[in-house]
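What follows is calculated from the coordinates using simple rules that are stated; it is not laboratory data. None of these values were measured; they are calculated from a predicted model. Cβ sites come from the backbone with ideal geometry, for glycine too, and all protein chains shown count toward neighbours.
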Amino acid sequence: MAPVQPTLTPTDWTPPVRRLRDERRLAAITGMGVKVPGGDDPGGLWTTLSEGLSRARLITAWDATDDPVTFACEVKDLDLAPYLSDKEARRLDRVSHLGWAAAADALADAGSLNYAPDRSAVIAGSGIGGQRTQGDQHVLAMAKGLRHVTPFLIPMVMPNATAGLISVKLGWRGPSICLSMACATGAYAIGEGLRLLRDGTADVVIAGGTDALVDRFVLTGFARAGALSRRSTAPAEASRPFDADRDGFVMGEGAAFVVLERLNSALERGARVHAVLSGYGRNSDAHHVTEPSPNGAGAAACMQLALEDAGLQACEIGHVNAHGTSTPYNDRAEAEAIAKVFGPGAVPVTSAKGVIGHLMGGAGSTEIVASVLSIQRGLIPPTANFSRSDAAVEIDVVADAPRVLSAAPVISNSFAFGGHNAALVIEPAPAPGP
C-alpha cells in the first residue's frame, strides 16, 4: 500500500501561553536513529509503518521448525561495517550491535555537537541485555565444558553494556545510565534524558533503548507464560493491536535512539529540530507483575501526569501512539485508560506493534521516533491487522490507511511488566524565525 499524502495542510499549532513561562523545560529532538524490522533509518521505518503490513515472518536466525515459537519480527541484513570493526563486533552481543548502530546514526543526524564531554550524558536501556550470548554460551558450556566459555561473557551480557559502549565510543564523561523497565525501557530512557536537561546535569543527552530477544529461550519463556500469539500458520496476521481477535504479541528486536538538547541551545546553534519533547509522566500500577491495573487506572494516571508536565489539556492532543501490544488484557486496559483521559473515540490511536512487533526495551524509543515522524509528515500510520473492533475498546483506532494529522502534540505510551508506566508528550518543532 502506497503511503497516503495529506489532503489538508496541517494547521498551525500554538503552544499555550501558560507553558511559555519556562522554555528551559523543553527539549529539542535533534537526532534520530533506528535499527528495527523493516527500517534501517527513520525514513525506512516511516515507509514500513505507512504501508501497514506486518514484518512477522518465520525465524531465520536458527532452525525454529520444532520450537514452541517459529516466527518473529527480525532485523535482517544488519551491516555493522560502518559502526564496528570485526574484532569489536565479536566481543559484543547483538543487543549492543543494534544499540550502538542506532545511537551512532542519531549522533550523525544531530550534526555538530560542541558540548563539553563532562556535560554530555548517555541513557541506554535494555529489557534483559545480552540474552543471545548468554544462551549460546550456556549451550556451548554444556556441550564442551566450562573452559570453552568466552572470557568476554560478562561484558557481553551485562545490561549496561550498550550504555558503556556508547560512552566509550563518544568519549562522553557525563552520566552514563542504564535503565531496565521491561517494555517501557526506551520511553523511560528518553523521559529521564529530559529530566537531566531540566535539572542542569547535562547539556546534551543521547537516549534510547535496545533489545535483541528473538532468542529461542526467551521466546519459549514468553510462550509458556501465554503472552505470545499462537498464529504460527499466519505470522503476518498474528500481531493485532486492539482487534477483537488478538491473542498475544509477536516478538521483535531492534533499537532506537534520539539526541536531546535544550530547545534554546539547539536553536542557538542552528540545529534542525525534528520535534519538541515537553512532557513526561511515569508511575507504577503496583498491582501485578504482568497484568495491568484494573480499568487502566495506572495508565490513565500516567498520561495525565505527562499532560500536566507539558502544561497541556487532553483536548490539545492530536494523536495517541499507543503501547498496543496485541494482548487481550493490556490492550483493553490501555483502551479504557485512553477513553478515560481523552473521551471515548475522541482522539485517533495507532500502534506500531502490528507492523514491527514488540521490540521490548527498544519499543518505547522506536515509538517516540514514529511519533516525531507522524508530526513531521502530518499523517498517522495505520494499525496493522485491525479488522474487528472489540466491544470493550471505545477508541478510534486508525486502520487500513494513514490518516491526516493536523499539527498538534502527540502522546506516546509505554506500559510494562512489573507495572512500569511511561508517557511522553511530543510537540511540533517551532516555526523558523525571520
- Note on the structure: In a Gaussian network model of the chain with springs linking alpha carbons closer than 10 Å, the residue among P409, P381, P68 that fluctuates most is P68
- Set of lysines with alpha-carbon distance to K340 below 24 Å, sequence-local pairs under 8 removed: K353
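Take L267, L260 and order them by how many other Cβ atoms sit within 10 Å, fewest up front.
Fewest to most other Cβ atoms nearby, the residues stand as L267, L260.
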- Task: Could you tell me the distance between the Cα centroids of region 361-434 and region 310-356, to the nearest Å?
- Result: 8
- Under a plain spin-label model, where a point goes 7 Å from the Cα along Cα-to-Cβ, how far apart in nm are L58 and D77? 2.0
- In sequence order, calculated HN-Hα J values of region 326-336 (Karplus, 6.51, -1.76, 1.60; Hz; x Gly/Pro): 5, 8, x, 6, 5, 5, 5, 5, 5, 4, 4
- Using Cα pairs under 8 angstrom and six or more residues apart, how large is the relative contact order of the chain, in percent? 24
- Message: Placing +1 on the Cβ of each Lys and Arg and -1 on the Cβ of each Asp and Glu in the chain, which of A310, A189, A72 has its Cα farthest towards the positive end of the resulting dipole?
- Response: A189
- Task: Quick one: which residues, 5 or more positions from A346 or on another chain, have an amide H under 5 Å from its amide H? H modelled 1.01 Å from N in the peptide plane, none for Pro or chain starts.
- Result: D396
- For each of R24, R240, R231, count neighbouring Cβ atoms within 10 Å of the residue's Cβ, then give the residues from fewest to most. R24, R231, R240
- Message: Let's test the formula: R0 of 45 Å, r as the Cβ-Cβ distance of E308 and A89. What FRET efficiency results, to the nearest 0.05?
- Response: 0.50
- Label points 7 Å out from Cα along the Cβ direction at D67 and A401: separation in nm? 3.8
